[in-house]
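Below: one structure, written as structure tokens.
The values are calculated or read from the model by the stated rules, or taken from the named source; none is laboratory data. In this text the structure is predicted, and so the values were computed from the model without any measurement. Virtual Cβ from ideal backbone geometry, glycine too; neighbours counted across all protein chains shown.
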Amino acid sequence: MATAPSRIARPLRLSEELSAELQRRIASGDLPPGGRLPTEKALGDAFGVSRAVVREAIARLKADGLIETRQGSGAWVMDAPKAINLRFWQGAGPELGELREIFELRVMVEGAVAALAAQRRRVTDLRAMTRHLDAMDAAIANGTDGAEADDDFHIAMARATRNSYVGRLVEFLGRHFSDSRKLAWHGTRRLLAHPEEAQREHRALFDAISHSDADAARRCAREHLRGTAARLGIKLAMDL
């Protein structure tokens, strides 16, 4: 029997490379505390990337509490971190043990979010989730990456709880959970990713929420995460 790999290989995205470089410059003092970051255009020109890549890199640094954005005046290096650094991994990919713990955390958070969303969702929430589900369907049909729509679906579900702190928590964690969701679309190789199966699980979760069935929504959220983990060769404990 072949030995299971100890690490999920995942190439760095440009935004991750840029955020890591900016983080190094903040740590070295090249970008000092209280200092203003160059504009998106200036950063894009300096590193040869698009403004969309710059925005995503800045969002990662903001989620880590290293910078803050001020309306009308750009991004600024924090004098002291305001948030706990919860970056789950950096580099080529996570250790399987670490990835298992991330999925366990997702089970605990997303199961509760799904149940509350089922109790409080409004028609506008269902429309938003439907829009993101349709975007994932299109990505599957076209063979493209639907990870961003996947993120948006989970954020819309969190907003359906009508609890602003839940929504903010999921958006904050979503930047990190996003990397584990991408594995459902990419896996370690395309053959190991089964977005069609994940999408069937998304649809079941949506149906439970749309029918205001909190118990079914919690169960579907957990089954979705167990399924995603299993397709990556990770068996989650049954006592979650």
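Odds and ends about this structure:
- The condition of being surrounded by 14 or more Cβ atoms within 10 Å (Cβ to Cβ), under 18 Å from the mean Cα position of the chain (by Cα) and within 21 Å of S15 (Cβ to Cβ) holds for only one of A158, A135, that being A135.
- Test: residue in segment 141-153 that is touching a residue at least 60 places away in the same chain (Cβ under 8 Å), out of contact with any Phe, Trp or Tyr (no Cβ under 6 Å at 6 or more places or on another chain) and among the hydrophobic types (A, V, I, L, M, F, W, C): no
- Within segment 209-240, if we keep just the residues that are part of a loop (DSSP other than H, G, I, E, B) and touching an Asp or Glu at 6+ places or on another chain (Cβ under 9 Å), the residue that is surrounded by the most Cβ atoms within 10 Å (Cβ to Cβ) turns out to be L236.
- Of the residues making up segment 37-67, those that are at pLDDT 90 or above and in a loop (DSSP other than H, G, I, E, B) are L37, P38, T39, G48, V49, S50.
- Test: V113 is out of contact with any Leu (no Cβ under 8 Å at 6 or more places or on another chain), under 23 Å from L169 (Cα atoms) and in a helix (DSSP H, G or I): yes
- Checklist (1) at pLDDT 90 or above; (2) part of a helix (DSSP H, G or I) applied to T161, failing item: (2)
- Criterion applied to R226, R231, R189, R181 was being of a type outside the set (V, I, T) and modelled with pLDDT of 85 or more, and the one residue passing it is R226.
- If you go through segment 68-90 and keep only what is aromatic (F, W, Y) and modelled with pLDDT of 85 or more, you end up with just W76.
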